[in-house]
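A.B. asks: I have a structure I would like to understand better, so I am pasting it below and will then ask my questions one at a time.
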Amino acid sequence: MSLLRTEGLDLRFGGVVALDDVSISIDEGEIVGLLGPNGAGKSTLFNVLSGLLAPASGSVLLSERDISRALPYERALAGLGRTFQHIKLFPGHTVEENLLIAQHRHLRSSVLAAMLRLPSWRRDEAEARDRVDAVLELIDLERYRHHRPGELSYGTLRFVELAVVLSLQPRVLLLDEPASGIAQREAEALGPLLREIRDVLGCAIFLIEHDMPLLLSVSERVYALDFGKVIAHGTPEEVTADDHVLSSYLGRTRRTDVAAN
Ligand code: ADP
Ligand code: MG
């Protein structure tokens with residue numbers, strides 16, 4: 001049974017066909033890459049998966065449950081975790097506090113229980129703190145625990161943002177170009193980190209990444225999009241050897257760059 005699946009998604013922006021009959025499927029615990037040239041429809045697909053855009057037709061299923069009409073926060077509660085290009089953190093709060101706030105907004109044990117400090121609230125609170133500790137350790141952010149966002153570099157903030165999403169215990173993590181704008185050293189650490197996240201937390205990862213060696217080395221399966229259409233899917237080796245993919249996309253980079261990986 002697939003964890004996350006789409007059936008025949010179509011979406012247009014005026015005359016632009018952003019998604020054309022897109023059917024993809026991701027299994028539990030799998031790392032799947034999505035590649036394609038600029039404007040291929042990759043971010044649009046993520047926006048449809050997370051509920052920010054409604055497709056003209058087609059459906060999104062999570063554990064075979066149709067979530068096509070669910071709101072973004074409902075999808076997040078159901079286990080769809082997503083990072084955004086624009087980082088939304090509370091500037092007046094530390095990294096640790098930001099992770100706790102995100103969980104409270106997400107899990108929200110009753111406000112009354114919190115006000116009265118009932119046992120159920122204290123248990124939730126203790127579990128939330130344990131999750132924060134585990135995620136900060138996993139993402140190697142412990143040394144920034146008490147820093148405020150304004151004191152951190154852009155690259156570190158992107159890892160904090162990832163930590164926020166992970167602390168919400170997603171079943172599938174959608175990552176749109178996590179290596180963009182971060183330092184080379186951080187980008188190189190991303191591949192092993194994504195595998196560790198999957199191994200430790202057990203979540204599936206659906207990854208859009210411009211950094212082709214990174215995408216191909218970390219993904220177990222890859223989908224290639226062009227003009228909103230899935231033109232190939234399979235193992236990284238199969239997809240990079242596909243004629244459509246080579247002419248639509250990889251042909252624009254040097255073949256050796258890809259083969260070198
Ligand atoms: P990718 O992420 O693969 O680079 P996008 O999904 O962002 O591509 O875009 C797919 C196509 O849809 C592009 O032609 C883009 O210009 C267009 N597009 C994306 N978002 C919008 C929007 N909000 N309004 C109009 N056109 C859009
Ligand atoms: Mg994009």
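The values are calculated or read from the model by the stated rules, or taken from the named source; none is laboratory data. Since the structure is predicted, the reported quantities are computational estimates derived from the model, not experimental observations. With ideal geometry, Cβ positions are generated from the backbone for all residues, glycine too; neighbour counts draw on all protein chains shown. Calculation scope for accessible area: heavy atoms of the full protein, side chains included, ligands and nucleic acids excluded. Shrake-Rupley method; radii C 1.70, N 1.55, O 1.52, S 1.80 Å.
A.B. asks: Among T83, T6, which is the only one that is modelled with pLDDT under 95 and of a type in the set (S, T, Y)?
C.D. replies: T83
A.B. asks: Residue check: is P178 open to solvent by 10 Å² or more (accessible area, probe 1.4 Å) and over 28 Å from D10 (Cβ atoms)? If you could, list the steps in order and put the result at the bottom.
C.D. replies: Values: open to solvent by 10 Å² or more (accessible area, probe 1.4 Å): yes; over 28 Å from D10 (Cβ atoms): no.
No.
Listed here are the residues, each with its yes/no results for (1) touching a Pro at 6+ places or on another chain (Cβ under 6 Å); (2) over 17 Å from L34 (Cβ atoms); (3) surrounded by 20 or more Cβ atoms within 10 Å (Cβ to Cβ); (4) not assigned by TED's automatic domain parsing to the domain that holds S2.
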position	(1), (2), (3), (4)
L162	no, yes, yes, yes
R195	no, yes, no, no
I208	no, no, yes, no
A224	no, no, yes, no
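A.B. asks: Can you find even one residue in the range 42-54 that is within 13 Å of ligand 1 (Cβ to nearest atom) and farther than 21 Å from D66 by Cβ?
C.D. replies: Yes, some residue in the range 42-54 is within 13 Å of ligand 1 (Cβ to nearest atom) and farther than 21 Å from D66 by Cβ.
A.B. asks: Residue check: is E188 within 26 Å of G41 (Cα to Cα) and assigned to a helix (DSSP H, G or I)?
C.D. replies: The answer is yes for E188.
A.B. asks: With V164, V218 as the choices, which residue is modelled with pLDDT of 95 or more and touching a helix residue (DSSP H, G or I) at 6+ places or on another chain (Cβ under 8 Å)? Talk me through it step by step, then tell me what you get.
C.D. replies: Numbers: V164 fails: modelled with pLDDT of 95 or more.
One residue alone meets the criteria, V218.
A.B. asks: Condition first: surrounded by fewer than 17 Cβ atoms within 10 Å (Cβ to Cβ) and either away from ligand 2 (no atom under 16 Å from the Cβ) or of a type in the set (D, E, K, R) (or both). Now tell me which residues in the range 35-60 satisfy that.
C.D. replies: A54, A56, S57, S59
A.B. asks: Can you name the residue in the range 61-74 that is of a type outside the set (D, E) and open to solvent by 30 Å² or more (accessible area, probe 1.4 Å) and is also nearest to ligand 1 (Cβ to nearest atom) among such residues? Explain how you work it out, then say what you get.
C.D. replies: Step one: filter the range 61-74 for residues of a type outside the set (D, E), giving 61-63, 65, 67-73.
After this cut, where a residue has to be open to solvent by 30 Å² or more (accessible area, probe 1.4 Å) as well, the list is 63, 65, 68-69, 71-73.
Working: S63: 25, R65: 25, S68: 18, R69: 20, L71: 19, P72: 16, Y73: 21 Å.
The selected residue is P72.
A.B. asks: L34: among the hydrophobic types (A, V, I, L, M, F, W, C), assigned to a loop (DSSP other than H, G, I, E, B) and under 19 Å from the mean Cα position of the chain (by Cα), yes or no?
C.D. replies: In short, no.
A.B. asks: With the requirement that a residue be of a type outside the set (D, E, K, R) and within 19 Å of R171 (Cβ to Cβ), what does the range 53-67 give you?
C.D. replies: Within the range 53-67, S59, V60, L61, L62, S63, I67 qualify.
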